[in-house]
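Working notes for the structure below.
None of the figures in this text is laboratory data; all of them are computed from the coordinates on show. Just so it is clear, the model here is predicted, and its values are computed rather than measured. No Cβ is skipped: glycine too gets one built from the backbone with ideal geometry, and neighbour counts run over all protein chains shown.
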Ligand SMILES: Cc1ncc(COP(=O)(O)O)c(C=O)c1O
């Protein structure tokens, strides 16, 4: 008998291009070094008691099988009211909403639905780590719009040039990692450019509820006439501290939504049924739940940023999310990934090196990555005691 030849599998180049998630990598480094992990983004925040009870009840009451592919009917109805009452968004739960396995799946399903092979997608930088892999799996070509990580400034002329080559733009507001919350005025400028180039806007509003008091979240689909060309994506993960429940959503005008729902169906069938049903209860939480949560994250932000600044570090002033950027450009670091690993070992605090969020810092086939140190991302989603200990451990630059 002929021996079987074991052939190497053919791997999609979009996948070989993927870098291991630096965030997960820094978590491993933190464990090895026994360091405080301010690299990973999941929140240390109590889950509301009624939510915990609702999840147990859902399972006991037999909500354990597939839901309708586009999501639990009760949750979609409640979500439509919630989006209207809090953000002024108007979506019909029947044909304009889909419940997904987190915002992560909503992003993937949307980009696969909208981007044909070779299509252009504008991605603002610093870049949240999911967007490039999703764009590449769709076979799309990324065009990067640089945003100053510290001031949040961007150039409308540069956006105009990028949009001339694209069909879709991804906007993350509040933005991870730089904490920028896009203002209504800025979104109006953006809207005019998107309209001129007939671009679809895909938003990621995962941190909509975690903002500073003077920087309220503006849902882009409520600005100018953007609604008709926008896919609004967000998540229950951070707002209710349930990142492991895997529930997020996308909302869009019916023709766009029909395409997204098709991809979602074949990706995951549906989001976890008990999580979806339990989150109906989350949407009944009073407004004080959200104001208290935002205030607690703000005080954690102040604690970490003031502590670091008092020690001589320079930081940004995040308007939203629970991430703080520490400006390390003065330290003249040649390889910020190596530096971040050393920092975890020598100072006992793990953060995410800024090059992980920058186009030039990512792997390229034709040139080496530029990993000069610009910033380190630290999460203040953690408890106060841990943040104080981190400040003490980081000491002076
Ligand atoms: C900007 C942003 N979008 C999306 C996600 C993913 O959220 P989900 O848990 O809903 O998939 C995260 C998680 O860290 C995030 O920071």
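For segment 64-119 and segment 286-324, what is the centre-to-centre distance using only Cα atoms, to the nearest Å? Result: 30 Å between the Cα centres.
Take every Cα pair under 8 Å whose residues are at least 6 apart in sequence, average their separation, divide by the length of segment 90-192, and the relative contact order is 26 percent. For segment 49-282, the relative contact order comes to 31 percent (Cα pairs under 8 Å, sequence separation of at least 6). What whole number of Å gives the distance from the Cα centroid of segment 214-284 to the Cα centroid of segment 142-158? Rounded to whole Å, the Cα centres lie 26 Å apart.
Nearest-5 percent of antiparallel DSSP beta bridges in segment 175-267? Bridges in segment 175-267 are about 50 percent antiparallel. The ranking of 355, 104 by Cβ neighbour count inside 10 Å, starting from the fewest, reads 104, 355. Among 288, 110, 81, the residue with the largest mean-square fluctuation in a Gaussian network model of the chain, with springs joining Cα atoms closer than 10 Å, is 288. Among beta bridges identified by DSSP and lying wholly in segment 49-282, the antiparallel ones come to about 30 percent. GNM remark for the chain: springs join alpha carbons under 10 Å apart, and the peak mean-square fluctuation among 262, 64, 12 falls on 12. Considering every Cα-Cα pair within the chain, what fraction, in whole percent, is farther apart than 38 Å? It works out to 19 percent of all Cα pairs.
The mean sequence separation of alpha-carbon pairs under 8 Å and at least six residues apart, normalised by the residue count of the chain, gives a relative contact order of 24 percent. Percent of Cα pairs in segment 49-282 per distance bin of 10 Å, from zero to the largest separation: 8, 34, 37, 17, 4, 0.
Among beta bridges identified by DSSP and lying wholly in the chain, the antiparallel ones come to about 50 percent. Neighbour counts of C-beta atoms inside 10 Å place 264, 345 in the sequence 345, 264, starting with the fewest. Helix content alone sets the calculated 222 nm mean residue ellipticity of the chain: runs of n ≥ 4 DSSP H residues at -39500 (n - 2.57) each, divided across all residues, give -12000 deg cm²/dmol. Cβ-to-Cβ counts within 10 Å put 165, 382, 61 in ascending order as 61, 165, 382, the fewest first.
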